[in-house]
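Below: the structure, in structure tokens.
The values are calculated or read from the model by the stated rules, or taken from the named source; none is laboratory data. Quick caveat: nothing in here was measured; it's all calculated off a predicted structure. Don't worry about glycine lacking a Cβ; one is built from the backbone with ideal geometry, like all the others, and counts go over all protein chains shown.
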Amino acid sequence: MKKILVPLLFLTFFCFFCSGCGMMEQLKAWKEENNLQQPEEDAPIQLEDPLDPEKEGSGGEESGNAVESGDSLLQSAAENGTGGEKTPEAGSGQNNGSSKEVLLYFASADGTSLEAETRAVNAGEGIARAAVRELIAGPDNAGLYPTIPAATILEDINITPDGLCTVDFSPELIEDHPGGSLAERLTVYSIVNTLSQFDSVNKVQILVGGRRVNTLAGHCDIAEAMARYDGIIK
């Protein structure tokens, strides 16, 4: 019995060893076929975290810079008036945000002529626009009288490179006007002479409600652009 068991055990061990070698050969061939390599011990595998807060922060900063850059461009355009005025006004772009003295022409105490009143205006919106707004607001001098109805609104004002100033008023300029030939002349030339004090203005075209009108009260022809008239100034 002993003689039979020893060879049988040896045969079993030999078969198991051969089977193991065959499996190792198959495993090695499968790795080579699939290009699998054993990582080196000195080169640990590093996994990149897709939720790395540092990398998320850098992306957010770049996006923020893009928005801020756009806002800066938009702010620069607003400060320089590129998105507002249709054409340059007298003094605009040079006295932005500063105060400048201008002459405003109001009716004299006896109502027969115009008298100048000096006033400091904010030139940030355009010196010509600011001057007309102050003209509508009326005089500070108690001895002078307004020439434009108080409810009148300045709708728009533009100055072309050749010196034509077009100024547009709301309908109240006509509807609330007191009438009379002299009062009408004082209204017209208070506007024309106030605007023509600027070097960039040669003539003034008065519009009402965005349109040309023949007169304000039936006496003074304003259908065409008008030049300065110093003869009415006291």
Inset, instruction - Please give the number of the condition Lys234 fails out of (1) modelled with pLDDT of 95 or more; (2) more than 20 Å from Ile127 (Cα to Cα). - result: (1)
Inset, instruction - Name the residue, out of Ala123, Ala90, that is under 20 Å from the mean Cα position of the chain (by Cα), under 28 Å from Lys234 (Cβ atoms) and at pLDDT below 95. - result: Ala123
Inset, instruction - Quick one: Val208 ticks every box in (1) of a type outside the set (Ser, Thr, Tyr); (2) touching a residue at least 60 places away in the same chain (Cβ under 8 Å); (3) over 18 Å from Gly126 (Cα atoms) except a single one, so which number is it? - result: (2)
Legend entry - Matching entry among Ala116, Ala109 (being over 16 Å from Ile191 (Cβ atoms), touching a strand residue (DSSP E or B) at 6+ places or on another chain (Cβ under 8 Å) and at pLDDT 95 or above): Ala109
Legend entry - Matching option when the condition is crowded, with 19+ Cβ neighbours inside 10 Å, farther than 17 Å from Gln197 by Cα and of a type in the set (Val, Ile, Thr), among Ile153, Ile148, Ile127: Ile148
Legend entry - Residue, nearest to Ser190 (Cα to Cα), within region 126-154, restricted to residues that are outside any helix (DSSP H, G or I) and among the aliphatic types (A, V, I, L, M): Ile148
Legend entry - Pairs, first over 16 Å from Ala130 (Cα atoms) in region 152-181, second among the basic types (Lys, Arg) and surrounded by 16 or more Cβ atoms within 10 Å (Cβ to Cβ), C-beta under 6 Å, six or more apart: Leu164/Lys203
Inset, instruction - Select from region 184-234 the residues that are charged (D, E, K, R) and within 14 Å of Leu104 (Cα to Cα) and write down the one among them that is surrounded by the fewest Cβ atoms within 10 Å (Cβ to Cβ). - result: Asp230
